[in-house]
Amino acid sequence: MSRPLLSVGKGRTSTVRILPGAVRISTCRLVELGFEADAVVSVSAEPASLTFALCENGVERYRELVRLARRNKTQLIQVRRIRKWLSMEITGALVNRAGFKQGEALSISVSHGLIQLQRSMS
C-alpha cells in the first residue's frame, strides 16, 4: 500500500494543515507533483475550494503573471524550502473566500502542477 502524496490533518506529520486564517502545504513530495523550490504558484479560491496551479517559466514572465493574477483575482505565492521540506502557504482573503475552518475534513485532488483542496461533503 503506497502512502498518499498529501494528507490533511492537525498534527506535525500532516502535509496539508488548516490553521486559523491560513492553509499550509508542506512535504518533500511536492517535487513529485512538479513543484520545485522557488517555483511560482497561482492560487485561486471558490467557496469550499482552493486550487494551487504551478506557473511555468515563473521568473521570466513575472510581470505578466502579476497582471493575470490581478485580473483573475488569484494570488501568487512561491514554493519555499524549509530544511528538507517544500512548503506553500496561503493566508488572507483567499482562505476566507474558500471558507475553510480548522479541523474541517477536506478532499484533495492532485496531478502534475495542480493541487485542489475541497471541503468534504459529509
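Okay, here's what the table says:
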read-out: Residue list for the stretch 97-107, restricted to those being among the hydrophobic types (A, V, I, L, M, F, W, C) and closer than 15 Å to E46 by Cα; value: A98, F100, L106
read-out: Residue in the stretch 54-67 that is of a type in the set (G, A, S), touching a strand residue (DSSP E or B) at 6+ places or on another chain (Cβ under 6 Å), without any contact (Cβ under 8 Å) to a residue 60 or more places away in the chain and surrounded by 15 or more Cβ atoms within 10 Å (Cβ to Cβ) present; value: yes
read-out: Leading residue by the ranking (farthest from K101 (Cα to Cα)) among those in the stretch 46-58 that are of a type in the set (G, A, S) and out of contact with any Ser or Thr (no Cβ under 8 Å at 6 or more places or on another chain); value: G58
read-out: Breaking point among (1) at pLDDT 85 or above; (2) loosely packed, with under 14 Cβ neighbours inside 10 Å; (3) assigned to a helix (DSSP H, G or I), for E36; value: (3)
read-out: Residue that is modelled with the lowest pLDDT, among those in the stretch 39-57 that are assigned to a loop (DSSP other than H, G, I, E, B) and not small (G, A, S); value: N57
read-out: Subset of the stretch 1-30 that is among the small types (G, A, S) and modelled with pLDDT of 75 or more - its residue that is nearest to I115 (Cα to Cα); value: S26
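The values are calculated or read from the model by the stated rules, or taken from the named source; none is laboratory data. This one's a predicted model, so the numbers in the text were calculated from it and none came from an experiment. With ideal geometry, Cβ positions are generated from the backbone for all residues, glycine too; neighbour counts draw on all protein chains shown.
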